[in-house]
Amino acid sequence: MLDKRIKPSLIVKYLDQYVIGQDEAKRIMAVAVYSHYRKIESAQRDALEMTKSNVLLIGPSGTGKSLVCETLSKILGVPFVTADATSLAQTRYVGDEIEAILQRLVDKANGDVVRSQHGIVFIDEIDKLKAPRGERGGCGESVQHALLKIMEGSQVKLANARYIDTTGVLFICGGAFVGLDDIMASSHTYGFISTSGADDRNILERLNRRVKPTDLFQFGLIPEFTGRLPLVARFQELTRDMLARILVEPRNCLYNQFREIFRNEGVELVVEQPVFGQIADVAFEYRTGARSLRGIFEELMTPILFKVPDDPALRKVEVFSLYAEPRYIRETS
Ligand SMILES: Nc1ncnc2c1ncn2[C@@H]1O[C@H](COP(=O)(O)OP(=O)(O)O)[C@@H](O)[C@H]1O
Ligand SMILES: [Mg+2]
């Protein structure tokens, strides 16, 4: 089912073309999806029961969690849907809502239920399902129970009396988990082991960075649920440098998108390197990860794009500062 040539290293290489940074998370996810599809194969071959390892992505908003999942589904060629845990918690009909998510997965597979059974479901904002301090039995908790069932693998009835078996569906949960670091800082006790060598330090740091199920439990998720998410990948806050790279490096980056728009008008767009740094500085202040980049870039481009169609002699536009008029270069006749 999974092309034999698709190895974790290749998956990471592919991700690198679209996602800047997040190297550790990329590696964890590449191995996770690789093992997942290998497990399905051997379960089918030997008619074994399959123990799934669903994945939890932890990291601030706008750092690439959704992007990684979407890109993964593309390289694997499997159907992919995103759902939002907050809306699950707000509905009284969790079962219906979950059914609708799986129905969307089938739709993504063009109605092919068998294909949809190897798809990926990304459930975002999973941290919003936490129980309020000390409280148990809230609506977030019942959503966790409902999700648990499909994550473990179950037959879910769809609207048209068909069934989807979720055993082979890979569930990836995501969330910002604000406050988790404080919990980890107080619960991880490896700090007092005396360390001399740099290697010991590294091992210690790795252990301390690891998110334990007990940390997630303290955060407010139910133990059964945390137990279903044995793999945790952490996404780092994007630095200014990474934000600037996101504008120019990914295959479908904003700069390339706009260069294409200008090219269609017969105009070459050149944005000088320092401008990307300026945009990154502004985006960094907004604290929404890479999410604000598009808005800032569009704001820079809009007045230029307004003029271009009225100026048939225009051949080139050079932007050298976010705060200065660009240079318009026309054909001299
Ligand atoms: N590490 C990254 N590399 C490249 N682009 C990114 C990265 N992180 C975020 N982006 C951009 O920001 C947008 C929002 O990111 P998203 O993956 O939805 O963030 P999250 O799911 O972590 O909140 C993406 O569509 C993408 O264009
Ligand atoms: Mg997202």
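The values are calculated or read from the model by the stated rules, or taken from the named source; none is laboratory data. The structure presented is a predicted model; accordingly, all values stated were derived computationally and were not measured. Positions of Cβ are backbone-derived with ideal geometry, glycine not excepted, and every protein chain shown enters the neighbour counts. We work out accessible area using only protein heavy atoms, side chains counted, and drop any ligands, DNA or RNA first. Shrake-Rupley method; radii C 1.70, N 1.55, O 1.52, S 1.80 Å.
The helix-only estimate of mean residue ellipticity at 222 nm for the chain, built from DSSP H runs of length n ≥ 4 each weighted as -39500 (n - 2.57), is -15000 deg cm²/dmol after division by the residue total. Between A198 and L231, take the C-beta separation as r, use R0 = 30 Å, and let me know the FRET efficiency to the nearest 0.05. Computed FRET efficiency for A198 and L231 comes out at 0.65.
Label positions at L10 and T302, each projected 7 Å from the Cα along the C-beta direction, are separated by 4.4 nm. Put simply, the amide H of I123, placed in the peptide plane, has neighbours under 5 Å in A83, I172, C173, G174, leaving out anything fewer than 5 places away on its chain. Taking a cut-off of 15 Å between Cα atoms, list the aspartates and glutamates near K4, but don't count ones fewer than 8 places away on the same chain. Cα-Cα hits under 15 Å: E41. Fully extending the segment from A100 to E152, taken as 0.36 nm per residue of separation minus the present Cα-Cα distance, adds 16.9 nm. In straight-distance terms, cross-link reach from K316 covers every one of the aspartates and glutamates whose alpha-carbon lies under 12 Å from its own, apart from those fewer than eight places away in the same chain; here that gives E265, E268, E331.
Computed in the context of the full set of protein chains, the accessible area of region 250-333 at 1.4 Å probe radius has 51% of its extent on carbon or sulfur. Charge tally around V270: other residues with Cβ under 13 Å, Lys/Arg +1 each, Asp/Glu -1 each, net +2. With R₀ set to 41 Å, the beta-carbon distance separating S53 from V282 gives a calculated FRET efficiency near 0.55.
Quick test of the membrane-span-like rule: which DSSP H helices of the chain reach at least 30 Å along their long axis (C-alpha atoms) with mean Kyte hydropathy at least -1.0? Before the final figure, lay out each step's value.
Details: long enough: 23-46 (34 Å, -0.82).
Span-like helices, by this rule, are 23-46.
Determine which lysines satisfy two conditions relative to K65: a Cα distance under 25 Å, and not lying fewer than 8 residues away in the same chain. Here the lysines satisfying the reach criterion relative to K65 are K7, K13, K26, K39, K52, K74, K108, K128, K130, K149, K212. The apolar share of the surface of region 29-139, taken as the fraction of accessible area on carbon and sulfur atoms (1.4 Å probe, ligands and nucleic acids excluded), comes to 50 percent. Comparing mean-square fluctuations of A89, A161, A176 from a GNM of the chain with C-alpha springs under 10 Å, the top value falls on A161. Over the chain, the ratio between the Cα radius of gyration and 2.2 N^0.38 Å evaluates to 1.17. With springs only between Cα atoms under 10 Å, which of D127, D112, D215 fluctuates most in a Gaussian network model of the chain? Greatest mean-square fluctuation among the candidates belongs to D112. Potential lengthening of the chain between K212 and R251 amounts to 10.5 nm, from the contour at 0.36 nm per residue minus the alpha-carbon distance. Remark: region 197-323 carries a charge dipole of roughly 500 debye about the Cα centre, counting +1 on each Lys and Arg Cβ and -1 on each Asp and Glu Cβ.
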